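Notes to accompany the following structure.
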Amino acid sequence: MSDRGVFSKDYLDYGSYLLLKEVYQLPLGSSLLDLGCGYGPIGIILKRMQPQLDLVQVDVNERAISLAQENAYLNKIESEILICHDICELNRSFTTICLNPPIHAGKKLIFELYEKARLCLEEGGSFYVVIKKKHGASSTLTKLQEIFNQAEVLNKESTYWIIRAQ
């Protein structure tokens, strides 16, 4: 289910599709944070593919959270789904964090999300982000290489880059 007021309300956006296509077969560990979950497709699909995941989905949009809760219920997925403006306040760490960043929020906010993701990632964990080249893929890679031990482009498809930082 989707609705007005959420990103890509009519269909799964191509960036999220590419992110899922790249990571769904990778070992994601025991816990997944779907950061900026929207109506929930990334977290729900990854949980369906890897049921062992302890799934937490967060967003700042109340309508998105309501839709994510409904979609988790419809898909019989256990997930903790929360309004969250600062993931550090969750006081938890995760083996995997996925993000399709809110590009229109601006680079400053997106880079803050990257830094907070680093703080909430377990040692040896992975942070995955999908971003279009024209929306700052190169600067994202540079920023992730600054704040993580390692960051690499896993795939480039169309105009999108899928980046993993560890």
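Somewhere in segment 124-139, is a residue under 13 Å from the mean Cα position of the chain (by Cα), farther than 17 Å from Ile162 by Cβ and in contact (Cβ under 8 Å) with a residue 60 or more places away in the chain? No, because not a single residue in segment 124-139 is under 13 Å from the mean Cα position of the chain (by Cα), farther than 17 Å from Ile162 by Cβ and in contact (Cβ under 8 Å) with a residue 60 or more places away in the chain.
The set of residues from segment 69-83 being of a type in the set (D, E, K, R), in a loop (DSSP other than H, G, I, E, B) and touching a residue at least 24 places away in the same chain (Cβ under 8 Å) comprises just one member, Glu78. Among the criteria (1) at positive phi; (2) at pLDDT below 90; (3) not hydrophobic (A, V, I, L, M, F, W, C), the one Tyr39 does not fulfil is (1).
The sole residue among Leu119, Leu53 that is hydrophobic (A, V, I, L, M, F, W, C) and surrounded by fewer than 16 Cβ atoms within 10 Å (Cβ to Cβ) is Leu119. Residues in segment 132-143 that are modelled with pLDDT of 95 or more and either outside any helix (DSSP H, G or I) or under 18 Å from Ser93 (Cβ atoms) (or both): none.
Return the total of residues in segment 94-115 being closer than 18 Å to Lys47 by Cβ and either free of Cβ contacts under 8 Å to residues at least 12 places away in the same chain or surrounded by fewer than 20 Cβ atoms within 10 Å (Cβ to Cβ) (or both).
Our first condition is that a residue be closer than 18 Å to Lys47 by Cβ; within segment 94-115, this holds for 94-100.
Checking which are either free of Cβ contacts under 8 Å to residues at least 12 places away in the same chain or surrounded by fewer than 20 Cβ atoms within 10 Å (Cβ to Cβ) (or both) leaves us with 95.
Adding up the residues that qualify gives 1.
Tell me which residues, restricted to segment 43-57, are farther than 16 Å from Glu70 by Cβ and within 13 Å of the chain's Cα centre (by Cα). Once the filter is applied, which keeps residues that are farther than 16 Å from Glu70 by Cβ and within 13 Å of the chain's Cα centre (by Cα), segment 43-57 yields Leu46, Val56.
The values are calculated or read from the model by the stated rules, or taken from the named source; none is laboratory data. Here the structure is a predicted model, which means the values were calculated and not measured. Counting neighbours? That spans all protein chains shown, and the Cβs are built from the backbone with ideal geometry, glycine included.
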